[in-house]
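Since every read-out is calculated from the coordinates, none of them should be taken as a lab result. Computed from a predicted structure; not experimentally measured. Cβ atoms come from the backbone with ideal geometry, glycine included; neighbour counts cover every protein chain shown.
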Amino acid sequence: MSEQTQNSQAFLANLQAEVQAMVATAEKEFAALTSEQLNWKATPEKWSIAECLEHLNIYSRYYNKSMKQRLSSATPQAATEAVRFSWIDKMSLDGVNPATMQTKKSSTLKRFNPSFSNTSPAVLSEFLQHQADLLQVLAEAEKYQLNKIKIPVEFFKLMRLTLGGCLQFMIFHQKRHLIQAQNVLRSF
């Protein structure tokens with residue numbers, strides 16, 4: 001992943017547009033599906049559309065809350081600097097970049113694997129609510145230095161992503177799994 005040199009305002013505006021596009025995609029492609037269609041799997045090892053969305057919900061429950069908490073305790077200072085990714089940001093982004101999903105398969109920790117949980121029919125509604133929350137975080141982030149605020153990594157809290165890196169991670173990760181869910185839809 002190349003070094004990010006975009007200024008914070010443009011970076012945040014691009015991420016907001018990407019979230020809005022993902023919301024439109026999810027509403028257009030998944031809202032009319034039945035519970036059976038949402039939970040259909042091509043093979044037992046592959047995830048259903050509902051499981052893809054639940055996986056994203058698991059991440060959003062932690063990261064949206066963590067980002068809101070960090071922002072509420074930080075001192076506002078307009079985000080005007082160029083966004084720079086730390087080494088942990090780059091490593092995390094490389095693992096979820098949707099551009100590499102055909103060549104880089106990834107696995108998830110058991111607690112993030114939705115096939116070990118009960119997937120509710122409300123999974124899409126929860127996903128859309130998390131997107132609304134993420135849009136609020138993105139709007140609030142405009143008041144802060146994205147390179148200075150650190151967000152603990154869920155599975156190893158001693159490691160921390162920059163706020164900018166965490167936001168980009170969330171978007172890449174969501175895009176990757178929405179593409180996966182769209183591929184399930186196309187295989188009906």
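Pairs of alpha-carbon atoms within less than 8 angstrom and 6+ residues apart define the contacts here; what relative contact order does the range 8-186 have, in percent?
Numbers: 209 pairs, mean separation 72.0, N = 179.
After rounding, I find 40 percent.
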query: Could you list, bin by bin from short to long, the percent of Cα-Cα pairs of the range 8-186 in 5 Å steps?
result: 1, 8, 17, 21, 20, 15, 9, 5, 2, 0
- request: Among the listed pairs Lys68/Lys175; Lys65/Lys175; Lys28/Lys68, give every one whose C-alpha distance is greater than 24 Å.
  value: Lys28/Lys68
statement: Of the range 52-66, those with amide N under 16 Å from the point 7 Å along the Cα→Cβ vector of Thr25 are 52-57
- request: Under 12 Å from the Cβ of Leu15, count the other residues' Cβ atoms, weight Lys and Arg +1, Asp and Glu -1, and hand me the total.
  value: -1
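Kindly state, to the nearest 0.05, the FRET efficiency for Met159 paired with Phe188, given R0 = 45 Å and r defined as their beta-carbon distance. Walk me through the intermediate numbers first.
Values: r = 39 Å, r/R0 = 0.87.
With R0 = 45 Å, the Cβ-Cβ based efficiency is 0.70.
Please give me the summed charge of the neighbours of Pro152: other residues whose Cβ is under 10 Å from its Cβ, Lys and Arg +1, Asp and Glu -1. Walk me through the numbers on the way to the answer.
Details: positive: Arg70, Lys150, Lys157, Arg160; negative: Glu154.
Net local charge, Pro152 excluded: +3.
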